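All of the numbers you see were taken from the coordinates with simple rules; none came from a lab. Remember, it's a predicted structure, so these values are computed and weren't measured experimentally. No Cβ is skipped: glycine too gets one built from the backbone with ideal geometry, and neighbour counts run over all protein chains shown.
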Amino acid sequence: MSSTLALAPAEPASSSLSLPADVEALAERGRLWRGHQLGGAGARVLPTGHPVLDRELPGGGWPCQALTELLLPPGAGCEWRLLGPALRALAAEGGACVLVGAPAGLMPHAAGLALAGLDPARLVWVAPGTPEQALWAAEQALHCRDTAAVLLWLPQARVAALRRLQAHAQQADLPLFALRPQQAAQDSSPAPLRLAVAPGAWPWSLQVRVLKRRGPAHEGVLELPALPPRLAGVLAARLRSLAAPPAAPAPSAPNQEARDAVLAGPDRTALSVVA
């Protein structure tokens, strides 16, 4: 005796994937994001002052409560042009920007800082003797009440030290920038945001590559104008004057010499022509 077994038809798979409530909560707080979308900042962000760059960063600016790595060529001074707009905004709010371990070529110069729109009185310069002292100074500055931002130059850094910086940054509501050499791009890093910065193709511009961010990989290079604010106004006026067409000379009445032209014949004899 044969028997048949009837199988119920399989229900079609749902086209939308619902996430657990706790996972959705993480997404709402910016701690989780879909691979094809920019992640949320998850904390306060500061506009970079470069709209082209803001559009490519999670949250639209420099993240607070996080470590940001900037990979730079030596001696180019790109950090001032890139971070200048944000540092000016922070200084205007009354905060202090702490600079830890800057190289000798970037020693503070009051006139140059003023030209860049930075108040020297709002910059705290720390010259540590060892890399360990630099890390300690940056960690302490993150937790000072009057600190608005911390810039830390790290010629060499171990991953463990970077993890510790990231842990301290997560407890502070301000941006932490680690300025490292370009060669560090090949090293792993816990920093959620990593940018490679170099001088641009035309004067007073920067080229920025987004090496790491919360979201899809970024392809290509961003070209950012990075003129100091006071110099920008001077150059703009100068360029407008150069682009203006020259004024046409005013017509003058013909004089006697113009009316009495002198012609040279084949035999080089001067002939006077009287009108």
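For region 197-208, give me each residue that is surrounded by fewer than 19 Cβ atoms within 10 Å (Cβ to Cβ) and of a type in the set (Gly, Ala, Ser).
Within region 197-208, Ala198, Ala201, Ser205 qualify.
Taking the criterion of being farther than 10 Å from Glu69 by Cβ and of a type in the set (A, V, I, L, M), the residues of region 178-201 that qualify are Val197, Ala198, Ala201. For residues that are outside any helix (DSSP H, G or I) and free of Cβ contacts under 8 Å to residues at least 12 places away in the same chain, scanning just region 139-160, find the one that is farthest from Asp173 (Cα to Cα). For region 139-160, the residue satisfying everything is Arg158. The residue pairs whose first member lies in region 106-123 and is under 14 Å from Arg81 (Cα atoms), whose second member is among the acidic types (Asp, Glu) and part of a helix (DSSP H, G or I), and whose beta carbons are closer than 9 Å, counting only pairs six or more residues apart or on different chains, are Leu106/Glu79. When only residues in region 213-224 that are charged (D, E, K, R) and touching a residue at least 24 places away in the same chain (Cβ under 8 Å) count, which is farthest from Leu53 (Cα to Cα)? Per the criteria, the residue is Arg214. Taking the numbered list (1) touching a residue at least 24 places away in the same chain (Cβ under 8 Å); (2) assigned to a strand (DSSP E or B); (3) closer than 23 Å to Ala157 by Cβ in turn, Arg209 passes all entries but (1).
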